[in-house]
Amino acid sequence: MNSLSVHLTDTCNNSCIFCVVGSHVGVPEKVNRKLVYEFLRENKDNGYECVNIHGGEPTIVPEFLDIIKMIKECGYKSISVQTNGRMFKDIEFAKAAISNGVDLLVISLHGHTAEMQDYFSEVANSFDEAVLGIKNAISLGCKIRTNTCVCKQNYRELPDIVNYAMDLGISHINISNLHTAGNCLKNFDLVVPRLKDGVPYVKTAVDQCVRRDVKVTLEGYTKCILGEYSKYMIDWEENKYKMLYKSFIFNDYSKFMETQARAKGTKCKTCVAEKKCGGLYKEYAAAYGYEEIAPICME
Ligand code: SF4
């Protein structure tokens with residue numbers, strides 16, 4: 001499916017210590033919303049079915065509901081929103097967003113306790129509000145995918161986090177390797193785990209989702225790191241995004257990520273997956289090298 005993806009705001013009501021875009025409470029807004037409206041109008045008849053809205057925290061933008069309505073008026077079939085979920089604690093807000101066309105919420109769930117999630121977000125009650133938001137959205141029939149970033153502080157708890165999400169009724173769980181940009185790069189030593197430490201827990205978490213027949217996907221890893229679990233990697237060939245990020249337009253965002261944010265080692269030259277693989281995040285490779293990767297001999 002071809003989709004548009006729109007960075008709606010730089011600001012956020014959380015200050016996550018590994019936020020890839022470096023959003024936090026009080027960050028100055030630099031997004032020109034006129035460009036957002038233009039981008040949505042210009043692409044409305046170009047074969048894009050879905051619009052994905054992200055930030056920062058898009059739901060705190062005053063025009064959020066107007067933009068949702070405008071997307072539907074343009075004729076896009078579906079709208080997904082990447083959110084910390086907190087605004088959906090207000091059932092009236094949740095009803096307005098969902099009745100005006102939001103079909104999928106991608107909600108960050110980096111912990112299964114208030115202590116853990118509030119530590120990451122640096123905001124008290126962020127966990128309780130997100131959980132209430134999830135419950136409200138589920139009660140209104142909205143699809144929800146949780147996204148859990150794997151960091152030093154939570155990788156051992158991944159099985160508990162996915163179980164918690166499944167107990168809430170989540171039907172799709174995404175687990176992400178940390179993208180080493182923004183706050184994540186600033187706090188690299190604090191938050192970024194070695195792949196060899198985190199991935200065994202990722203696999204256990206995947207097994208639990210499979211056992212409970214809940215869809216699970218993995219993002220930001222490589223085939224050689226995941227082995228047989230690479231079948232759970234998101235297929236970016238099937239999910240192509242054209243992205244507006246401030247004044248920049250990325251016609252194929254996943255291709256941009258592969259070529260600009262990631263890097264391959266000399267070992268990759270003999271790997272059969274090389275053509276479809278971006279390698280490791282550059283900053284991770286710079287810090288730890290390529291010892292954890294191993295070329296794949298056969299598909
Ligand atoms: S190309 Fe390199 S990083 Fe990618 S799967 Fe092969 S060995 Fe691993």
**Prompt:** Which of the residues that make up region 77-105 are more than 21 Å from the chain's Cα centre (by Cα) and of a type outside the set (Lys, Arg)?
**Reply:** ASP90, ILE91, GLU92, PHE93, ALA96, SER99, ASN100
**Message:** For ASP189, only one of the following conditions fails: (1) farther than 22 Å from TYR284 by Cβ; (2) assigned to a helix (DSSP H, G or I); (3) without any contact (Cβ under 8 Å) to a residue 40 or more places away in the chain. What is its number?
**Reply:** (1)
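Just wondering, is there one or more residues in region 202-221 that are charged (D, E, K, R) and closer than 28 Å to GLY22 by Cα?
From region 202-221, those charged (D, E, K, R) are 203, 207, 211-213, 215, 219; that's our starting set.
Okay, now just the ones that are also closer than 28 Å to GLY22 by Cα, so 219.
Yes.
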**Request:** Quickly run through region 265-287 and pick out the residues that are more than 18 Å from the chain's Cα centre (by Cα), over 18 Å from GLY227 (Cβ atoms), surrounded by 14 or more Cβ atoms within 10 Å (Cβ to Cβ) and not aliphatic (A, V, I, L, M).
**Result:** LYS282, GLU283, TYR284
**Prompt:** Looking at region 203-299, what strands (runs of 3 or more DSSP E) fall wholly within it and have at least 1 residues that are at pLDDT 95 or above and within 14 Å of the ligand (Cβ to nearest atom)?
**Reply:** 215-219
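Name the residues in region 258-279 that are among the hydrophobic types (A, V, I, L, M, F, W, C) and free of Cβ contacts under 8 Å to residues at least 60 places away in the same chain, would you? Before you say what the answer is, go through the steps one by one.
Here is the first cut: in region 258-279, the residues among the hydrophobic types (A, V, I, L, M, F, W, C) are 261, 263, 268, 271-273, 277.
The answer is ALA263, CYS268, CYS271, VAL272, ALA273, CYS277.
The values are calculated or read from the model by the stated rules, or taken from the named source; none is laboratory data. For clarity, every value in this text was computed on a predicted model and none was experimentally measured. Cβ coordinates were reconstructed from backbone atoms using ideal geometry, including for glycine residues, and neighbour counts include every protein chain displayed.
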